[in-house]
Amino acid sequence: MTFSTTPLLGENGSLVERHWQQLAAKRRLYSLFGLGLFLVVVSGSLWFANETNSGKFFDRIPYFFDFIEDLLPRDGMEVFRALFDLPSPYADGSMKYNYPEGRLYITETLYIPEYIHKMVETVNIAILSTLIGLLIGFCLSFLAARNMMTNPWIRGTARRIMELLRAFPEVVIAGFFLAVFSLGPIPAIIAVSIHTIGALGKMFFEVIENADMKPDEGLKAVGANWFERVWFGMVPQVMPNFMSYFLLRLEINVRASTIIGAVGGGGIGELLRLSIGQGHEAKTLAIVLLLLCTIIAVDQFSAWLRRKLVGEQAFQTIQ
């Protein structure tokens, strides 16, 4: 003889159970409908891509990895020769193996390899642009935060300015300033700075709105003005998060500066575009390797600096 361990439901319990089952069935129906709609949209996108490529989209899929195969150099050491501007044993007078011609000589014998020099230029563009974005975004964020700026006109103006600054991608802004200032790093710095102000400003004022207002209330009670409330009551709370966003944006701006360089904004991006377009395998892989190492270095530096700012105790596992 078996006994059921499930308690019998009363009338109200049965009503709740039936209602829950109805909601669960409705949720499953909506999920299936959403999945079906997603598949229809993806299928339509693939069909559109195939039509716009004259029916060659699906035909070219089997050759997707051919480009990667074409990037393999004849000798693995060619990547490091290209990276450090060392002579190649395969030099035939063409641009494909003219590595030493890009050297930047400091003395008669001491030189900086071309790609390392251009990568430093790209990183400098990113650092300067991020610092400009940090300073201006820092100021705008307190004007845009609802809990720090009660005047709706000032708050709305600050938010609209930041929305306008981040409305366009960096490469679009750079294209405009390249037409004004010609080729070089200056248009890249302006473009990345403009977008960074809008992006950091938005993240900053959201951090401010989530901060504890008790210090601000205490300062207000003893007669502190608005600037004193900001500097002594709010900044110590939000600065660790501000620095985290600043370091994250620095990583993003290194990549953005590379992309802008490909359209004439200076740095390593233009060399990468040329090496890919001309089919120079070793040069392309050398630049990609240098970019990867730079991003890893920036990430590790960001982690180290954040630990110093926040404190090692914040990263210790609780036993």
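The values are calculated or read from the model by the stated rules, or taken from the named source; none is laboratory data. Worth saying up front: this structure is predicted, and the values here are computed from it rather than measured. All Cβ positions, even for glycine, are placed from backbone atoms using ideal geometry, and neighbour counts span all protein chains on display. Heads up: the accessible areas ignore ligands, DNA and RNA and are worked out on the full protein's heavy atoms, side chains in. Shrake-Rupley method; radii C 1.70, N 1.55, O 1.52, S 1.80 Å.
Odds and ends about this structure:
- Cα gyration tensor category, rounded, prolate or oblate, for the chain with a/c compared to 1.5: oblate
- ILE295-GLN278 pseudo-label distance in nm [points 7 Å out on the Cα-to-Cβ vector]: 2.5
- Treating each Cα of segment 211-265 as one equal point scatterer and applying the Debye formula with no solvent, the log10 of I(q)/I(0) at q = 0.18, 0.19 Å⁻¹ comes out as -0.65, -0.68.
- Rg [Å, one decimal], Dmax [Å, integer] - segment 35-117, C-alpha atoms: 22.1, 68
- Anisotropy class of segment 54-185 from Cα gyration tensor, a/c 1.5 cut: oblate
- Cross-link partners for LYS214 among the lysines, with Cα-Cα distance under 25 Å and sequence neighbours closer than 8 places in the same chain left out: LYS202.
- Residues with amide H under 5 Å from that of ALA262, placed H, sequence gap 5 or more: GLY269, GLU270
- Cα long-axis angle, helix 152-165 against the chain (0 to 90 degrees, to the nearest 10): 40
- When shorter helices are ignored and each DSSP H run of at least 4 residues is given -39500 (n - 2.57), the per-residue value for the chain at 222 nm works out to -23000 deg cm²/dmol.
- Alpha-carbon Rg with Dmax, taken over segment 133-205, Å: 13.6, 44
- Portion, in percent, of the accessible area of segment 196-312 that falls on carbon or sulfur, probe 1.4 Å: 65
- Förster-model FRET efficiency, 25 Å R0, SER43 and ALA167, C-beta, rounded to 0.05: 0.20
- Entry comment: accessible area of the chain is 63 Å² per residue, from protein heavy atoms only and a probe of 1.4 Å.
- Projected over all directions and averaged, the alpha-carbon convex hull of segment 162-306 occupies 10.7 nm².
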